[in-house]
1. Considering only residues that are within 19 Å of Leu142 (Cα to Cα) and among the β-branched types (Val, Ile, Thr), look in the range 1-46 and name the one that is nearest to the chain's Cα centre (by Cα).
2. For Ser77, indicate whether it is hydroxyl-bearing (Ser, Thr, Tyr), open to solvent by less than 20 Å² (accessible area, probe 1.4 Å) and at pLDDT below 90.
3. Ile55 versus (1) farther than 22 Å from Phe128 by Cα; (2) outside any loop (DSSP other than H, G, I, E, B); (3) at pLDDT below 95; (4) not charged (D, E, K, R): which is the lone unmet condition?
4. Would you confirm, using the coordinates I've provided, whether Arg24 is open to solvent by 10 Å² or more (accessible area, probe 1.4 Å) and either in a loop (DSSP other than H, G, I, E, B) or closer than 20 Å to Val80 by Cβ (or both)?
5. Quick check on this structure: which one of Ala15, Ala65 is surrounded by fewer than 20 Cβ atoms within 10 Å (Cβ to Cβ), among the small types (Gly, Ala, Ser) and in a strand (DSSP E or B)?
6. How many of the residues making up the range 94-129 are open to solvent by 40 Å² or more (accessible area, probe 1.4 Å) and at pLDDT 65 or above?
7. Which one is nearest to Gly90 (Cα to Cα), of the residues in the range 29-41 that are outside any strand (DSSP E or B) and either open to solvent by less than 30 Å² (accessible area, probe 1.4 Å) or in contact with a helix residue (DSSP H, G or I) (Cβ under 6 Å, 6 or more places away or on another chain) (or both)?
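The values are calculated or read from the model by the stated rules, or taken from the named source; none is laboratory data. Note that this is a predicted model, so its numbers are computed, not measured. All Cβ positions, glycine included, derive from the backbone under ideal geometry; neighbour counts span all protein chains shown. Only protein heavy atoms, including side chains, enter the accessible area calculation; ligands, DNA and RNA are left aside. Shrake-Rupley method; radii C 1.70, N 1.55, O 1.52, S 1.80 Å.
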Amino acid sequence: MLTREPLPDGAFALAKGSSRTVFRELAPGLLLIVASGPGEESLDVEVLQELSRAIERYGSLTIFADLSKLTAISLGSSRVAVKWVRRHRGAIRAGHLLVGQVAVSIAVSMIASVFGGSVRSYSQKALFEAGIRQQVPDFVSLPSSY
């Protein structure tokens, strides 16, 4: 069962099984997403729906996604993400992706190829956080508790 949980810092989490994705608005139109677990296709679909709602609110988005604790992305999730990116490419100003697992990196590369240059992948947390600070100077660090 998919659950939605509000968090004390104003963020919220979507979860199913041991997969979890946290959304935190850093500034209007600037989102931080932190995903963990084995990946769950129905959760990934809901994540994309949340991103669509954010586009409706702001018109365009810059997305920072910490995928370093995500252990897999299913082929079905990758296909859905590619379709979503194609549909919303004009509304995404930039994507910044922190990756860890090789399998996740490969899936992210496939999804990012649809963007055509507006996506940057990071393998080091410090560089990813520095990228966030360029947009949000008072950003300190990724939460350890998500």
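1. Applying the filter and picking the extreme gives Ile33.
2. So Ser77 fits the description; yes.
3. (3)
4. In short, no.
5. Just one listed residue meets the conditions, Ala15.
6. Number of matching residues: 11.
7. Filtering first and then ranking leaves Gly29.
Here is a yes/no grid of residues against (1) in contact with a strand residue (DSSP E or B) (Cβ under 7 Å, 6 or more places away or on another chain); (2) open to solvent by less than 20 Å² (accessible area, probe 1.4 Å):
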site: Arg4; (1), (2): yes, no
site: Leu43; (1), (2): yes, yes
site: Glu56; (1), (2): no, no
site: Ala81; (1), (2): no, yes
